[in-house]
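To keep things clear, I will list the structure first and then write my remarks on it.
The values are calculated or read from the model by the stated rules, or taken from the named source; none is laboratory data. Quick caveat: nothing in here was measured; it's all calculated off a predicted structure. Heads up, the Cβs are rebuilt from the backbone with ideal geometry, glycines too, and the neighbour counts pull from every protein chain shown.
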Amino acid sequence: MATNYIFVTGGVASSLGKGIIAASLARLLKARGYSVTNQKLDPYINIDPGTLNPYEHGECYVTEDGAETDLDLGHYERFTGVATSQANNVTTGRIYKNVIEKERRGDFLGKTVQVIPHITNEIKDRITALGNTGKYEFVITEIGGTVGDIESYPFVEAVRQLKWALGSNCIVIHLTYIPYLAAAGELKTKPTQHSVKALQQQGVQPDIIVCRTEQPLTRSVRDKIGLFCNITGDCVIEDGDVSSIYEVPIKMRDEKLDVQVLKKLGVPVKNEIDLTKWEAFLYRLHNPEKEVNIGLVGKYVELPDAYKSINEAFIHAGAELRCKVKLRYINSEQLSEENLEEQMSGLTGILVAPGFGTRGIECKILAVRYARENKIPFLGICLGMQCAVVEFARNVLGYADAHSVEIAPTTTHPVINMMEEQKAISNMGGTMRLGAYPCHLKKDSRAYEIYGSEQISERHRHRYEFNNNYLEAFKAAGMTPTGINPDTGLVEIVEIADHPFFIGAQFHPEYKSTVMKPHPLFIAFVNAAMSFRSGK
Ligand code: GLN
């Protein structure tokens, strides 16, 4: 079967959930036995979101091949279980960089380099490159931003050109918002009409319109949208409010989004859709038998999107255990010796989050000490693991000024250090240990017990590492490196055996947790939190 291209655009407002719709559609097509990949085109000029402050766009999601990408790629992987890569996230910055590099090399043979055709060709190449791998029957490409924005014009133009060239192998799904005016008691379709007009002005006719709405769409509203927007009423899909994003594939199945997509593409609607496992997950998610309170200590806690994958990993693990995980966000800048007891009260698990820079670091170290001393289940991720190492160095090994050189470059005990190779690189962007690295687990460790395997692979995003000069001192005092990179000898996991559950991971397990495959480390951590009984 020739590759089919599905574009998802958005209108009326941002944050309507294009990523969730794109991921849900992928889930449905996969459940019908098709091979699918999701792609995100971002209209900003940064080369990638790696250097963006999480306050701007939320978490930076890291793929197996080490690409720093938009958080929507996390949704794609969590919904479909299909690994993404650098090719799945392209920004305007990357497009222009490539075109300008080609121009400097003389590839355009002295021609004037223009948005059309050079930029649009580059965009089209990035889209069709996924189809050309021969691995996917469907490529679903989400166009970031809102139709009508100046910066998304070249992307929409590329969609127009592709739609023309690909004919029946290409469709456009437009996601809009239908406001409900309580005073008039009516759903209003006018903003949708306008946003579809904006799309049409750019030469693109949507094939399916998905409507975010807080009220059910009546037949007449559907028909009205269809009439004004050149589509039939059955291609107007209701996208109502749901209690969990994981309900959306079910909603879309009930609204027959996948069936309409297949019909429009002329693909036979074969195979019954099988969502039994997905529904079983939803059942467990909505019918918990227990509850735990876990503290998430981080500096971006006002913006939960900054910890998106961690949040979702807890949802997956919680559902697996029929346990509702209540996350208490603890602002690492507001934690002190004085309020520590109060802030931590009632928690049966403490997670110290990843992060960069000095802000809130001492409070994170304080939170680790509290978890270690009170034997509360602890999981430290990346910077969280580094904090655990620093805390142990200071309070158990007695190295009073121990620190990470990221924070204290002149410390006499650099227990977290920079590798020689990293030191050579001075640029901020793209200088980290990124993507999947193998890790070897010690057989008599909790980590091995949890993963059930000696060889694992996890994703990284950091510059600093455990300083192996201190390995013996840590081991002798009870903090054991139980996960080691087999190629470099770098420490990837530390544990304290004399503690109900104390694990620090230099990698990010949260990136690999999916609905169908909750991450074992999160399951084990939630499990430990469920069985923790305070001695106080
Ligand atoms: N800032 C730390 C480092 O670069 C940790 C990074 C992280 O938590 N992702 O090593």
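With respect to Leu335, is the statement that it is within 16 Å of Asn527 (Cα to Cα) and surrounded by 22 or more Cβ atoms within 10 Å (Cβ to Cβ) true? Against the criterion (within 16 Å of Asn527 (Cα to Cα) and surrounded by 22 or more Cβ atoms within 10 Å (Cβ to Cβ)), Leu335 does not qualify. With the structure loaded, tell me whether Arg322 is out of contact with any Leu (no Cβ under 8 Å at 6 or more places or on another chain) and at positive phi or whether it fails that test. Yes. Leu335 meets all of the listed conditions (1) modelled with pLDDT under 95; (2) of a type outside the set (D, E, K, R); (3) within 13 Å of the ligand (Cβ to nearest atom) but one, namely (3).
Just one of (1) in contact with a Phe, Trp or Tyr (Cβ under 6 Å, 6 or more places away or on another chain); (2) under 16 Å from Ile493 (Cβ atoms); (3) surrounded by fewer than 24 Cβ atoms within 10 Å (Cβ to Cβ); (4) among the hydrophobic types (A, V, I, L, M, F, W, C) fails for Cys382. It is (1).
In the range 366-384, the residues that are farther than 20 Å from Tyr511 by Cβ and among the charged types (D, E, K, R) reach residues that are within 16 Å of the ligand (Cβ to nearest atom) and assigned to a helix (DSSP H, G or I) with C-beta atoms within less than 6 angstrom, at least six apart or across chains, in these pairs: Arg369/Glu391.
Determine whether Thr189 is more than 18 Å from Lys18 (Cβ to Cβ) and crowded, with 17+ Cβ neighbours inside 10 Å. Give the steps one after another, and end with the answer.
Values: more than 18 Å from Lys18 (Cβ to Cβ): yes; crowded, with 17+ Cβ neighbours inside 10 Å: yes.
Spelling it out, Thr189 is indeed more than 18 Å from Lys18 (Cβ to Cβ) and crowded, with 17+ Cβ neighbours inside 10 Å.
Out of Glu151, Glu122, one residue alone is in contact (Cβ under 8 Å) with a residue 40 or more places away in the chain, under 23 Å from Gln86 (Cβ atoms), surrounded by fewer than 21 Cβ atoms within 10 Å (Cβ to Cβ) and touching a helix residue (DSSP H, G or I) at 6+ places or on another chain (Cβ under 8 Å). It is Glu151. Here the strands (runs of 3 or more DSSP E) wholly within the range 346-419 that include at least 3 residues being over 20 Å from Tyr300 (Cα atoms) and within 16 Å of the ligand (Cβ to nearest atom) are 414-418. When the criteria are applied in full, Thr84 meets the requirement of being closer than 27 Å to Lys277 by Cβ and not in a helix (DSSP H, G or I). Of all residues in the range 494-514, those satisfying the criterion of being touching a Lys or Arg at 6+ places or on another chain (Cβ under 6 Å) and over 23 Å from Gly435 (Cα atoms) are His499, Pro500.
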